[in-house]
1. State the number of residues belonging to region 63-89 that are touching a helix residue (DSSP H, G or I) at 6+ places or on another chain (Cβ under 9 Å) and over 30 Å from I139 (Cα atoms).
2. Determine, yes or no, whether E437 is in contact with a Gly (Cβ under 7 Å, 6 or more places away or on another chain), outside any helix (DSSP H, G or I), of a type outside the set (F, W, Y) and not assigned by TED's automatic domain parsing to the domain that holds R523.
3. Checking the structure you have, find out if any residue of region 372-395 is buried (at least 24 other Cβ atoms within 10 Å of the Cβ) and either touching a strand residue (DSSP E or B) at 6+ places or on another chain (Cβ under 7 Å) or within 18 Å of A40 (Cβ to Cβ) (or both).
4. Determine if region 580-593 includes at least one residue that is modelled with pLDDT of 95 or more, surrounded by fewer than 14 Cβ atoms within 10 Å (Cβ to Cβ), assigned to a helix (DSSP H, G or I) and not hydrophobic (A, V, I, L, M, F, W, C).
5. Inside region 157-180, can you point out the residues that are modelled with pLDDT of 95 or more and out of contact with any Asp or Glu (no Cβ under 9 Å at 6 or more places or on another chain)?
6. If S481 meets every condition in (1) within 21 Å of the chain's Cα centre (by Cα); (2) of a type in the set (G, A, S); (3) closer than 30 Å to A645 by Cα apart from one, which number is that one?
7. Give all pairs with beta carbons closer than 7 Å in which a residue from region 386-413 that is closer than 18 Å to A457 by Cα meets a residue that is surrounded by fewer than 24 Cβ atoms within 10 Å (Cβ to Cβ) and of a type in the set (D, E); count only pairs at least 6 apart in sequence or on separate chains.
8. Quick test for you: out of G431, G413, G447, pick the one residue that is closer than 19 Å to G106 by Cβ, of a type outside the set (K, R) and in contact with a Pro (Cβ under 9 Å, 6 or more places away or on another chain).
Amino acid sequence: MDAELKEILKDFPAGPLSDYRKNASFNWKDMCLLMQGKDALILKHKIWSTLEKDPAFAHHATKPTLKETRLLTLQRAQKLAAYNFMPAKNLLGKPEMLDTVVMAIGQHDWSAIVKLQLLYNFVISALYGMGTERHFQEIQRLMRREIGACFCLTEIGHGTNTKAMRTTATFDIKTQEFVFHTPDFQAAKCWAGNLGETATHAVVFATLFTSGENHGLHAFFIQIRDINTLENLPGVSIGDMGEKLGLNGVDNGVMLFDQFRVPRTALLNRTGDVSESGVYVSPFKDKKKRLGASLGTLSAGRVGIASMATANLIKAVTVGIRYSAVRRQFGPEDSNVELPVLEYQLQQWRLFPYLGAAYVLMQFTRSFRSDFINMQRAMMSKEDPDRLASVGAEIHAISSCAKPLSSWLAQQGVQECREACGGHGYLAVSGLGQVREDNDANCTYEGDNNVLLQQSANWLLNLWSLVQRRQSIASYTPLGSAIYLDSAESILKSKCKLDAPHHWLEPQALLDAYQFAVCHLLRSTANRMQQLMDQKMDAFTAKNQAQAYYYRPLSIAYGETLFLMRMMRILNDPNISEQLRAVLKSLTALFGATNLMKHLSALTQGGYFQSNTSAALQTAIEQLCEKLKPDAVALVDAVAPSDFALNSALGHSDGQVYRHLEKHMASSMKSRPDWWQQVVAQQPLKNTSHL
């Protein structure tokens with residue numbers, strides 16, 4: 001290990017966590033390098049050490065007001081822009097490092113990095129994807145930070161159903177302008193980050209009309225505020241949506257138009273344009289494909305959310321496991337020594353599957369980000385369009401289940417860690433409350449989770465129609481996420497003969513079971529849809545009747561199968577040490593076995609599991625928890641953020657939980673409240689007979 005890494009990966013001081021660290025079966029520094037990589041570790045260290053020295057990023061003892069939070073977030077976003085931790089020239093060679101920057105800053109303050117990304121980078125990406133050469137000047141202004149923007153798609157009355165959105169942009173041939181109008185409050189644009197108080201410009205989706213003809217939803221880049229005064233432009237009404245459950249540093253806004261005029265060139269015209277003579281032209285004959293091409297450029301958001309959720313889960317399990325290794329309660333009757341609560345099977349059963357999930361998601365998000373970057377490069381080099389279309393469709397299917405599964409895993413994991421830390425976990429200084437509140441948004445934005453899952457199922461059903469015709473699907477799943485469907489016939493005939501717990505300690509056995517579950521659920525879903533259609537139901541109604549017990553579990557099983565498939569890449573890598581492979585194998589098996597329990601009905605109904613298989617699976621989970629106990633602290637050490645970024649009295653790397661709690665509470669021990677007179681001035685009750 002070179003000198004630079006030695007400076008970053010320092011040994012932990014002796015303390016309450018030392019015994020667990022000494023008993024680990026592997027070197028946590030080696031695991032750290034394997035899971036994160038040298039470049040990412042160096043960059044994270046640079047970011048966290050820089051922010052820790054900057055007073056603007058200091059942690060506050062008391063919660064600031066909404067107004068103070070907004071100002072602080074803006075100041076932090078401006079500082080981050082100035083720091084420019086990953087310059088554009090460096091990103092060209094290592095685009096995956098942008099994820100590292102976002103995750104490192106986000107683990108300290110999600111509002112600041114979200115605000116910065118939305119003000120500039122997200123909109124720049126949208127202009128590149130949906131605009132043309134005439135919008136290059138606007139991209140340059142964003143890059144120079146001369147203007148800041150927001151992204152306005154959702155309306156008060158509609159979010160998921162984009163076809164029903166009602167903001168209009170009508171072309172006026174006389175003035176060569178589009179006239180924006182909001183017919184009523186339900187058609188107001190809303191939830192756009194930075195719209196409430198900050199943005200001067202906006203990407204706005206509106207239904208385009210020329211000469212009375214509706215051309216569907218299109219994107220425009222327009223100015224909405226005066227650049228020098230931040231006053232709303234005439235014809236634009238903008239308000240703030242107010243305090244939210246989390247991410248309150250981001251000013252989400254609401255906006256209405258009243259016959260507001262913008263230049264013809266404001267239309268982002270890569271997928272459709274209006275000529276000076278008022279003629280609408282588009283390379284797409286199908287409106288659905290045109291809108292899909294526009295919105296498809298934004299799928300990077302779902303890839304990013306999976307990484308954000310993973311970063312949140314890592315913070316939570318770090319706090320939960322370190323605290324559980326320090327907190328002592330009860331012990332054997334013949335002993336005066338209390339045991340750390342991490343020694344109890346139930347605590348392990350509650351926490352360790354989420355530790356496994358954190359590692360599995362780290363590997364998945366890293367590999368999927370690589371897939372996405374490769375697709376973008378292929379698009380720029382204009383590779384085979386048919387293969388690109390297949391890659392794009394598969395990435396859409398993967399992101400449509402990865403975003404829900406990762407955000408839900410983080411949501412559930414954070415809550416479990418909060419409860420596993422008992423009463424102290426409810427304190428703000430545990431750090432878990434802020435993580436929970438900020439992560440919650442991941443379950444909703446960039447697509448409602450339950451709706452997104454249906455997109456994955458639709459893609460799988462299209463593949464199934466090919467399988468039924470005995471056609472190979474290899475060219476339709478170039479990333480290999482569903483390649484096993486080519487063997488669906490033999491998979492569905494197979495029976496599980498693994499009836500002993502030790503069989504389920506092997507990730508491959510779990511992957512085999514998962515692939516059967518996907519094939520069975522896919523066949524069942526297709527059969528159910530055909531059954532409903534045979535009853536003279538239209539496709540819309542039939543799908544509605546198959547959502548809960550068919551589409552949803554199918555997509556979940558497909559996503560979890562893919563997580564395991566990507567984790568197998570590490571387990572099968574001949575270059576990693578046997579010590580690391582062994583513990584990663586146990587983590588993967590625990591993640592797979594725990595989640596496979598959700599699919600017992602599919603595995604049993606499909607004839608794959610025997611009557612005693614589930615009992616063997618349960619015993620395997622217990623054995624895996626016990627096996628991982630000595631390694632749990634070292635496993636979180638290998639992926640945990642710095643103590644500064646973690647900001648938790650319960651999860652600090654020194655393990656001095658009670659010292660940190662005492663320090664937090666000491667300031668209140670010598671003071672009385674400002675309103676103490678209100679207490680002592682209270683008149684005593686004269687008649688207490690009713691009490």
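1. Of the residues in region 63-89, 2 are touching a helix residue (DSSP H, G or I) at 6+ places or on another chain (Cβ under 9 Å) and over 30 Å from I139 (Cα atoms).
2. Spelling it out, it is not the case that E437 is in contact with a Gly (Cβ under 7 Å, 6 or more places away or on another chain), outside any helix (DSSP H, G or I), of a type outside the set (F, W, Y) and not assigned by TED's automatic domain parsing to the domain that holds R523.
3. Within region 372-395, none of the residues are buried (at least 24 other Cβ atoms within 10 Å of the Cβ) and either touching a strand residue (DSSP E or B) at 6+ places or on another chain (Cβ under 7 Å) or within 18 Å of A40 (Cβ to Cβ) (or both).
4. No, every residue in region 580-593 fails to be modelled with pLDDT of 95 or more, surrounded by fewer than 14 Cβ atoms within 10 Å (Cβ to Cβ), assigned to a helix (DSSP H, G or I) and not hydrophobic (A, V, I, L, M, F, W, C).
5. T168, A169, T170, D172, K174, T175, E177
6. For S481, the failing item is (3).
7. What qualifies is I395/D371; K403/E446.
8. G413
The values are calculated or read from the model by the stated rules, or taken from the named source; none is laboratory data. Because the structure is a prediction, the values reported are computed rather than measured. Cβ: placed from backbone, ideal geometry, glycine included. Neighbour counts: every protein chain shown.
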